[in-house]
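First up is the structure itself, then whatever we jot down about it.
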Ligand SMILES: CC(C)(COP(=O)(O)OP(=O)(O)OC[C@H]1O[C@@H](n2cnc3c(N)ncnc32)[C@H](O)[C@@H]1OP(=O)(O)O)[C@@H](O)C(=O)NCCC(=O)NCCS
């Protein structure tokens, strides 16, 4: 895909390439830690490598400021009966703490939206953790709406 470039504040958004994997995984590990989730570098490296090897899984975008990767977004793609088409689950949107609130998350989200349309996705879904309510204004500005649903999970214990 062509790189998405944003002429705001030395930040450029692009697709994650295999050479970027280590830096992206480092950010994802930090994000998981912020969420209180322990995921190892090895585990997340495997996930990123799988997605980069087969775009049916979805896509990763990164935000670079100068040479440093300071933000990452991950969209997992699934076939949805509800939408009658493939949709994207925006599972991760993360900006390094020292670079927040200067437009990087918005630039990533804009690029995610553009990429979702390139993939002909019918919709983008996401969840906001109760402790990250502040992020809701960002999604409202982009036109997302809250669904009257709750999210449930049960681990298989296999991983
Ligand atoms: C949410 C996040 C990706 C936004 O990236 P960003 O570069 O800070 O966003 P922008 O500067 O483009 O937009 C600012 C908006 O981001 C959100 N935001 C900014 N700083 C934030 C922070 N520390 N925590 C949570 N959300 C924040 C707010 O919605 C803010 O809008 P507001 O100024 O009206 O409150 C980033 O702040 C982040 O990684 N936060 C921590 C993790 C998190 O809350 N993730 C939730 C994703 S569901």
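Specify the inter-centroid distance of region 94-153 and region 12-60, based on alpha-carbon positions, in whole Å. Between the Cα centres of region 94-153 and region 12-60 lies a distance of 17 Å. All C-alpha pair distances within region 92-154, sorted into 5 Å bins from zero, spread as 3, 13, 25, 26, 17, 12, 4, 0 percent across the bins.
For a test of the definition: using alpha carbon positions, the gyration tensor, and the 1.5 limit on a/c, classify region 38-77 as rounded, prolate or oblate. Oblate is the answer for region 38-77, as a/c is 1.5 or above yet b/c matches or exceeds a/b. Approximating the spin labels as points 7 Å out from Cα along Cα→Cβ, the residue 117-to-residue 68 distance works out to 3.2 nm. Where in region 45-59 does the amide nitrogen come within less than 14 Å of the point 7 Å from the Cα of residue 79, taken along Cα to Cβ? Only 56-57 pass the distance filter. Pick out which of 61, 147, 109 has the largest mean-square fluctuation in a Gaussian network model of the chain, springs linking Cα atoms closer than 10 Å. It is 147. Cα convex hull, the chain: 134 Å³ per residue, rounded to a whole number.
Short-range pairs are left out: with C-alpha atoms under 8 Å and at least six residues apart, the relative contact order of the chain is 17 percent.
Among 88, 110, 71, the largest mean-square fluctuation in a Gaussian network model of the chain, built with springs joining Cα atoms closer than 10 Å, belongs to 110.
Rule-based calculations on the coordinates, nothing more; no lab input. Remember, predicted model here, so these are calculated numbers, not experimental data. Cβ atoms come from the backbone with ideal geometry, glycine included; neighbour counts cover every protein chain shown.
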